[in-house]
Amino acid sequence: AQSVSQHNHHVILSEAASLELGCNYSYGGTVNLFWYVQYPGQHLQLLLKYFSGDPLVKGIKGFEAEFIKSKFSFNLRKPSVQWSDTAEYFCAGRDTGNQFYFGTGTSLTVIP
Amino acid sequence: ETGVTQTPRHLVMGMTNKKSLKCEQHLGHNAMYWYKQSAKKPLELMFVYNFKEQTENNSVPSRFSPECPNSSHLFLHLHTLQPEDSALYLCASSQVGTTSVNEQFFGPGTRLTVL
């Protein structure tokens, strides 16, 4: 079965530090990939998505992700985090059907 | 109201109760989903409806019963639940059948506690 895995369960960073959250997917065919964010007390929101084309995808709030097909990876990055980035981050994939596969999430805490 | 709304936001129920969760999407989408979100676990897809027809049921116990009367409304009927069913239940919608990437839009969830 298709799956998405996130390596980091809890990340703690100081403000202005660089961020990289890992995401790997198991599906070998055409795949759409997403990163969602869930701020404390709020609902899941889309950060960015990859469908095709340029493997470097830019999203909202300065986030970006790179699709590396050979590594089955779609890591999320941000060069300088802020306290307001404290949230839960979820990687998700969708195959040619209409099923979405979510990772377990990474909890990010940014210390002022 | 815009986006995806869910009611109630919080629900506490006993194991013998019957309750329903409601979801409404105001985005004109044609697919709706129920997910269960538990701590330290991936989001678990429960049900998928495309054009009001159920297309997925991921081995969900029969004590959870979905209903989709139209493409904008989705219900989850609950009866004789177990304490391990306590979780955040999320509703989502998306547009299916277009050439664009149809990401899902999520509601705020219903925090369910089963006593």
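The values are calculated or read from the model by the stated rules, or taken from the named source; none is laboratory data. This one's a predicted model, so the numbers in the text were calculated from it and none came from an experiment. FYI the Cβ positions are ideal-geometry reconstructions off the backbone, even for glycines, and counts take in every protein chain you see.
At a glance:
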item	result
Residues satisfying the stated conditions in the stretch A:15-58, i.e. surrounded by 17 or more Cβ atoms within 10 Å (Cβ to Cβ), out of contact with any Lys or Arg (no Cβ under 8 Å at 6 or more places or on another chain) and not hydrophobic (A, V, I, L, M, F, W, C)	A:TYR25, A:TYR27, A:TYR36, A:GLN38, A:HIS43, A:LYS49, A:TYR50
Set A:SER26, A:SER18: member being in contact with a Pro (Cβ under 7 Å, 6 or more places away or on another chain) and small (Gly, Ala, Ser)	A:SER18
Where A:VAL81 falls short, out of the listed (1) among the hydrophobic types (A, V, I, L, M, F, W, C); (2) more than 22 Å from A:GLU15 (Cα to Cα); (3) more than 11 Å from every other protein chain (Cβ to nearest Cβ)	(2)
Members of the stretch B:58-98 found to be loosely packed, with under 14 Cβ neighbours inside 10 Å, small (Gly, Ala, Ser) and at negative phi, listed by number	B:SER62
Single residue of B:GLU24, B:GLU1, B:GLU56 found to be among the charged types (D, E, K, R), at pLDDT below 95 and outside any loop (DSSP other than H, G, I, E, B)	B:GLU56
Tally, over the stretch B:33-86, of residues that are more than 19 Å from A:GLN38 (Cα to Cα), within 12 Å of another protein chain (Cβ to nearest Cβ) and among the aromatic types (Phe, Trp, Tyr)	3
Filtered residue count, the stretch A:84-105, keeping only those that are more than 8 Å from every other protein chain (Cβ to nearest Cβ) and polar (S, T, N, Q)	3
Answer residue from the stretch A:37-53, given it is among the hydroxyl-bearing types (Ser, Thr, Tyr) and either assigned to a strand (DSSP E or B) or under 18 Å from A:THR86 (Cα atoms) (or both) and is farthest from the other protein chains (Cβ to nearest Cβ) among those	A:TYR39
